[in-house]
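Here's the structure, in structure tokens; my notes come after.
What follows draws every value from the coordinates through simple rules; no lab data is involved. Small disclaimer: the values here were computed from a predicted structure and weren't measured. Backbone-built Cβ (ideal geometry, glycine too); neighbour counts: all protein chains shown.
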Amino acid sequence: MSRKICVVVTARPSYSRVKTVLRAIMEHPDLELQLVVAASALLDRYGTAVNYIESDGFPISARVYMVLEGENPASMAKTTGLGMLELATVFDNLKPDVVVTVADRFETLATAVAASYMNIPVAHIQGGEVTGSIDEKVRHAVTKLADLHLVSTKCAGTRVERMGEEARKVFVTGCPSIDLAAELADDPSLNFNPFERYGGVGELHELNNGYLVVMQHPVTTEHNMARKHVMETLEAVHKINLPTLWFWPNVDAGSDGTSNGIRSFREKYRPENINFFKNMAPADFLRLLYSSKCLIGNSSVGIRECAYLGVPVVNIGTRQSGRERGKNVIDVGYCKDAIESAINRQIGNGRYRQDTLYGDGKAGERISKVLARAPLEIQKRLTY
């Protein structure tokens, strides 16, 4: 009898992190995929990731609308609570054998809590990593709720074991997001026009002579500074004056500040070198990254996929503090002069050598095998 594997996708980046896992589950003879799409992954203002999921051929078992407006700490807490209520109903209807949750978002916590209280084994992807902000607390909380740990690196696996989890339930699979990057290895070139395919807001540009990509999210523990933080980056990128493709922030507390900063800067300066986008299909986004001169901001894609692709990265602020990283990353604070200087350094450096710190491109297949074969035990042995 096939195991029913319920994967919950709650945000734009979550889909790219589990796309190959979804595919591997569907192809595995002993597994049945139950895909739940929830939270900002359903919303147009955050790129409607659900459209890409459907166009890739993944059947959706349930949709969960759970995001409260406000984009502040209170709305994040309330969204988490609403998510637990709604997901409990979904799990009760689907009756999965395992629930899979990803990374460190507040929706991830809602998924893990609901499944745990319903005595459904939880499999956690990307546990054991260290980051800044509230995300690290959430990630480690989910680790303690999880029954299977599908970690990206050996260091992350060791950290999970030090938290008291049994070694036999910790599997170093690599990060599934690297799988998509590996699939582009034979031909990673930019083979589409992003303006024609995705529209965006801003002047059309010729990209053959080089361009930048920016993805900067608010930091939840610094949410009241989000507008100021993004203004520093905007001024630096504007001064560099290369064509720039800038992606909209996620739903975290402070997103309004980041969005308002972008809008006010755009209205005041009308920067001709910057185009703004909501979202792209995962493969298209990776092609765009690969051909860029530099990624700027604080997204984990700069730490993970860009290391594998060799893309230079300027990582701004504290959002990725403590995370393992390759030589392709330069860390700077929220200072326009420091950001500008780092961008110029990375442009001068050019592409870095491939780094497989976060995986070799086979994580999805490994995870599906673990989900098919690992013993599903709810009761944990105490390890005091």
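Worth pointing out:
- Long hydrophobic helices in the chain, taken as whole DSSP H segments with a C-alpha length of 30 Å or more on their own axis and mean Kyte-Doolittle hydropathy at least -0.5: 73-94.
- Alpha carbon centroid spacing (whole Å) that separates region 345-368 from region 292-308: 10
- Likely footprinting exposure, LEU82, LEU245, fewest C-beta neighbours within 10 Å first: LEU82, LEU245
- Dipole-positive endmost among SER16, SER321, GLY70 within the chain (Cβ charges, Cα centre): SER321
- Above-threshold pairs, the threshold being 26 Å between Cα atoms, out of LYS78/LYS137; LYS95/LYS278; LYS137/LYS239; LYS144/LYS228; LYS239/LYS278; LYS154/LYS327: LYS95/LYS278; LYS137/LYS239; LYS144/LYS228
- P(r), alpha carbons of the chain - 10 Å bins starting at zero, rounded %: 5, 25, 35, 25, 9, 2, 0
- Highest to lowest packing among 154-162, 357-365, scored as the average C-beta count within 10 Å: 357-365, 154-162
- Gyration tensor verdict on region 90-140 (Cα atoms; rounded if a/c is under 1.5, prolate if a/b is larger than b/c, oblate otherwise): prolate
- Per-residue [θ]222 nm for the chain (sum of -39500 (n - 2.57) over DSSP H runs n ≥ 4, rounded to 500): -13000 deg cm²/dmol
- Placing +1 on each Lys and Arg Cβ and -1 on each Asp and Glu Cβ, with no other charges, gives the chain a dipole about its Cα centre of roughly 660 debye.
- Ratio of the Cα radius of gyration of region 194-349 to 2.2 N^0.38 Å, where N counts its residues: 0.94
- The orientation-averaged projection of the convex hull spanning the C-alpha atoms of region 159-215 amounts to 7.2 square nanometres.
- Here the dipole of region 250-384 is about 280 debye; that uses its Cα centre as origin and unit charges on the Cβ of Lys and Arg (positive) and Asp and Glu (negative).
- Extension gain (nm, one decimal) between LYS327 and ALA167, 0.36 nm per residue minus Cα-Cα: 54.6 nm
- Distant-in-sequence amide contacts of THR131, defined by a placed amide H-H separation under 5 Å and a gap of 5 or more residues or a different chain, comprise GLU136.
- Relative packing of 295-302, 200-207, 24-31, which averages over residues the other C-beta atoms within 10 Å, highest first: 295-302, 24-31, 200-207
- Look at the dipole of the chain built from charges on Cβ: of SER61, HIS223, HIS205, the Cα furthest out on the positive end belongs to HIS223.
- Spatial separation of Cα centroids for region 82-99 and region 185-208, in angstrom: 39
- Normalised by the number of residues in the chain, the average gap of Cα pairs under 8 Å and 6 or more apart makes the relative contact order 18 percent.
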